[in-house]
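Working notes, structure below.
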Amino acid sequence: MGYLLDSIRALGVTAKNIGRKPVTVQFPKVIRERQERYRTSFALLKDEQGEERCVGCLACERICPSQIIHMSSTKKESPVTGKKRGYLDDFTLDMTACIFCELCVQVCPFDAIVMLKVPHEPGYVREDLVLTMAKLYENAEKPLTWGNGTKLMEMQEPPKPAPAQAAAPVPAPAAAPVPAAVPVPAAAPAPAPVPVPASAAAAEPAKTEAP
Amino acid sequence: MNARHPGPTSDRYRLEQMDADADLMVLNFGPQHPSTHGVFRIKLILDGEVVVRAIPYAGYLHRGVEKLLERLTFAQGVPIVDKNDYVAPMTNEQALVMAFEKLLKIEVPRRARWMRTIFAELQRIASHMLWLGTFALDMGGALGGGSGVFIYTFRERDYILDLFEMVTGGRFHYNTHTIGGNRHDIPPGWDREVTKVLDLIESRLPEYEAMSSNNAIFVARTKGVGVIDKELALGLGLTGPILRASGVDFDLRRDAPYHAYDELKVNVATATAGDCQARAQVRVAELRDSIRLVRQGLAGLPEGGINGGKPIKMPQQFKTMTGQAYVGIDTPRGELGTFVVAGGGDKGTAPYRCKIRAPSLHALSALPWILPGHTVSDVVVILGSLDPIMGEVDR
Amino acid sequence: MQGLLRGLVYGGLIITVLMTATAWGMWLERKLAARMQSRIGPNVVGKFGLLQPVADLMKLLQKEEIYPIGADRLLFDLAPFLVTTFAIATAAVVPFSAEAVGADLDVGLLWVLALGGLMVIPVWMAGWASNNKFALIGGMRAVAQSISYGVPLVLTSLVAVVFTGTMSLSGIVKFQIEHGWLALWPPGPGVVAFVLFYMALLAESNRIPFDIPEAESELVAGITTEYTGMKFGLLYVGEYVHTMVGSAIAAVIFLGGWDGPFHIASGLHWMVIKTVALFASVYWVRWSLLRFRSDQLMRLCWLYLVPVSLGLVVFAALWRHFVLR
Ligand code: SF4
Ligand code: SF4
């Protein structure tokens, strides 16, 4: 008898779900909204004067846990500033082994390498998945994510004392009226620019709140 | 070991001593089998449909993570471990990062610790959701009610992954923890999203329970099946929900607090029966408690910096030649421990040895004890109730 | 001669209609299951995915045929063919309306039950001939289950036979038109008999919660593990046809066949509606419940279903003797 009643309850659940809207996102036709911090594929940027930002400092090559970035560079005089700096001769990033750890982006001191919001297109041969320098510079046209080296570093810095906002020991997320679907505006600075002593002071009321 | 569990090496299960006419059949269960949760093989010796002896074989998913961690520096190692327990990557990172922090003596800021708590508990919800789905799948089949529960829980788990994506940008490879804190701060408005998702999950939880853990068929399939008693559980070093379901009131979150658990109250769910039903009940209770913990964590989230160490700039920036550290944390599957010995790599930039204690491996070691006497149908249920993740077992 | 011609024509018609209905029954199931699970279901091939069964058929026809090493080829080939044949042959005696009936046998019900009982032989053949341990266990389970659940199936049908005093399926319907549907009319026992029949039907056609012979999570795919291509398709279709015909028979025995509620607009369409509704409900149950273990199935059958259906038969006899006279 228990079987029967519970079975009827289970039937009720499935019946209820018939009324719910399907959650399927039919991928190639519909593309799910991608978060600001979404990470796939890479691009190399140029600065405002059209100069390559990357100087071939090897920081990303060294940090990469999968060791898939390879480059060579030569020192030349910059046509814009006239100073001597490195220029890439060759730069490859083998996407077949990338684990999207974002470390290469984080360590780049010149914000040269960044990540894209559109995934790399699948290919028929392995070579299609190797991002060459040309492809990386082409990718800069595609929508980029929020992150670059400076911003990621800034986010992890200890908060600097900001005198103007000293009187606001409110938890930052609760105060920010941002539309739900878009968590971070593209250019938002690292949140939590709140005074240092807040870490102790702000938590006190919260602790009593918790039952 | 005791009367109820004679143990795989006892005479009762010696093949040579078995009746030659008993018509035993060897059934290789896995590694390609729909319900071995990955690539896992159990050699079942059957008498009819009843298991006489079970010999588990692990190692089909070995990727040499521990060796890899010796080769990579401290700074590079963190993203590698995401794939160990691929159902709960957050807690993997945390376990490794905390061991490194202890070794390198780096203090984690309070905000980062609270954030880690929230992540860990959200991950627990996601992981237990997936477990409930796959457990029902084991019992109801891919072409039946089980897949219904599976898809419901998967749907809700996806919302949690969306939350993680908002913070870290990844749905699986978060790499959001770094030695000394977190890499990504919580974006504004995130807590409202979390509350929304939690409300949704909480309101729909009774539905899944009606289809699975509270259902009479579920109870009939799980009650009294695969009993692990206290003695066996302790003897095999089982941890997490499996241990708590066997009547041992032990939870690292409460008994050896890390993260922000010293400031939050963790309700440890226990059961005494030690069977599959008890394990299911403990996990569902934990699910509810985690929802509460996330809410509390969000309410009490302090301000401040998120990184106590230096942000990663280059691979060799963390160095130590001396010391060793062990940190165990309570992941959805039990105690995930990381033991590191300093002094590897180039002048101590990497661990000399890094051993990961995977709770699933210990859970699987119970199989030879508890499978004999059950039918093939129960094998699936018992295996599912242990919630093994092969990536973690084989590493 | 004329009878033979009529048989051929009607037989061809039944096979065509039934196979088509089954194909789109599968589509219906997939759509229904998808909606239950917040999915969309087939929607690429044709409008609303309506041509999906055709696409599936094309795919199955193109597949390579594989014989496992050590398989008994004759039995291996024969089994899927027999499963489908038996399933379709059952439909010959089902009265879809007062006129649309292939062979209005006096012992129609017996024919149906006999063929249903025979189904177990090709299933066992498939399990044995595959030379695969999972298939073997599946076959063993199928035999045990079919034999056990055949008993309540026969007993609950017997309730109808005792009530109506006939074994002819159209006779049963005519009786119901006169007295009221058996599922409703002696209030209480009729419903119980119907529910029991329905459960036995689920078990006979290997549907969740009684689908242990092909329990995917345990036995990979049970008896169908080693089958490929159209032979797999035939086993699969055989099951669906079996379910479809079973629903039709349940509609005939307990739900008044082609009789409309309160005799409104009786005719073929009511039979179709009832059959499809029952067919859909089988899949509703399938996609909602978990599965029993084999020993629990046996216990449920022998300890509950069989005694209750025996009681129902006795009740029916008493009712017939004292009330109906
Ligand atoms: S994301 Fe990680 S793995 Fe990929 S290229 Fe950058 S550093 Fe290497
Ligand atoms: S870290 Fe940045 S600047 Fe240096 S080589 Fe890599 S991309 Fe170029």
Alpha-carbon centroids, segment B:78-98 and segment B:347-373: separation in whole Å: 15
Pairs of Lys in chain B closer than 13 Å at Cα, counting only those 8 or more apart or on different chains: 6
For segment C:1-128: Kirkwood Rh in Å [reciprocal of mean 1/r, alpha carbons]: 17.5
Span-like helix ranges in chain C, DSSP H, alpha carbon extent 24 angstrom or more, Kyte mean at least 1.0: C:73-90, C:133-164, C:229-254, C:268-286
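Per-residue counts of other Cβ atoms within 10 Å, averaged by peptide: what ranking do you get for C:115-123, C:5-13, highest first? Kindly include the intermediate steps, with their values, before the conclusion.
Numbers: C:115-123: 21.1, C:5-13: 11.9.
Answer by packing, highest mean first, reads C:115-123, C:5-13.
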For residues of A:34-46, the mean tally of beta carbons on other chains within 10 Å: 3
Cα centroid of segment C:178-248 to Cα centroid of segment B:276-322, whole Å: 49
Burial order of peptide ranges B:333-339, B:353-359, A:62-68 (average beta-carbon count within 10 Å, highest first): B:333-339, B:353-359, A:62-68
Nearest 10 degrees, 0 to 90: helix B:276-299 Cα axis against chain B principal axis: 10
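For segment C:70-324, what relative contact order do you get, as a whole percent, if you take Cα pairs closer than 8 Å and at least 6 residues apart? Don't skip to the end; give the middle numbers.
Values: 406 pairs, mean separation 68.3, N = 255.
Answer for segment C:70-324 is 27 percent.
Which of the three applies to segment B:278-395, rounded, prolate or oblate, going by the alpha-carbon gyration tensor with a ≥ b ≥ c and a/c under 1.5 meaning rounded?
Details: a/c = 3.71, a/b = 1.46, b/c = 2.54.
In terms of gyration-tensor shape, oblate.
Which whole number gives the average count of other chain Cβ atoms within 10 Å of the Cβ atoms across peptide C:28-35? All intermediate terms of the calculation are to be shown ahead of the outcome.
Working: counts 0, 1, 0, 0, 2, 6, 4, 8.
Mean shielding count: 3.
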Distance from segment A:112-141 to segment C:295-325 (C-alpha centre basis), Å: 71
Average beta carbon contacts from partner chains per residue of B:307-319, 10 Å cutoff: 4
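Rounded, prolate or oblate: which one fits segment B:231-333, using the alpha carbon gyration tensor with axes a ≥ b ≥ c (rounded when a/c is under 1.5, else prolate when a/b beats b/c, else oblate)? Before the final figure, lay out the partial values.
Working: a/c = 3.05, a/b = 1.55, b/c = 1.96.
Verdict is oblate for segment B:231-333.
What Kirkwood Rh does the protein assembly as shown have if only Cα atoms enter the pairwise 1/r average? Answer in Å. Don't skip to the answer; put the middle values down first.
Working: mean 1/r = 0.0321 Å⁻¹.
In the protein assembly as shown this quantity evaluates to 31.1 Å.
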Angle between chain B longest axis and helix B:190-211 axis [Cα atoms, degrees, rounded to 10]: 10
Around residue B:168: net Lys/Arg minus Asp/Glu count, Cβ-Cβ under 13 Å: -2
Relative contact order, percent, segment A:27-156 [alpha-carbon distance under 8 Å, six or more residues apart]: 32
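Hey, can you rank C:239-248, C:80-89, C:314-323, B:209-218 by average C-beta count inside 10 Å, highest first? Could the numbers behind the result be given before it?
On the way: C:239-248: 25.5, C:80-89: 21.6, C:314-323: 13.5, B:209-218: 23.7.
Packing proxy ranking, top to bottom: C:239-248, B:209-218, C:80-89, C:314-323.
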Percentage relative contact order, chain B, counting C-alpha pairs under 8 Å, at least six apart: 26
Distribution of pairwise C-alpha distances over chain C, 10 Å bins, in %: 6, 25, 34, 25, 9, 1, 0
Furthest towards positive pole of dipole, C:200, C:227, C:170, structure part segment C:170-240, Cβ charges: C:170
Rh (Kirkwood; distinct C-alpha pairs) - segment B:276-327, Å: 15.7
Rg over Rh [alpha-carbon atoms, Kirkwood Rh] for chain B: 0.99
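May I ask you to list the GluC sites (Glu not before Pro) in segment A:106-153 that are in a DSSP loop and have at most 13 other Cβ atoms within 10 Å of their Cβ? Present the calculation step by step, with values, prior to reporting the outcome.
Details: sites: A:127, A:138, A:141; in loops: A:141.
When the GluC sites (Glu not before Pro) of segment A:106-153 are filtered for loop state and at most 13 Cβ neighbours within 10 Å, A:141 remain.
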Within chain B, helix-based [θ] at 222 nm, where runs of 4 or more DSSP H residues each add -39,500 (n - 2.57), nearest 500: -14000 deg cm²/dmol
Label point distance in nm, residue C:54-residue A:51, each placed 7 Å from Cα along Cα→Cβ: 6.5
Helix B:376-386 vs. chain B, principal-axis angle (Cα, 0 to 90°, nearest 10): 20
Overall form of segment A:27-156 per C-alpha gyration tensor (a/c, 1.5; a/b vs b/c): prolate
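Every number in this text was worked out from the coordinates using simple rules, so none of it is lab data. Everything numeric here is computed off the predicted structure, so don't read it as measured data. No Cβ is skipped: glycine too gets one built from the backbone with ideal geometry, and neighbour counts run over all protein chains shown.
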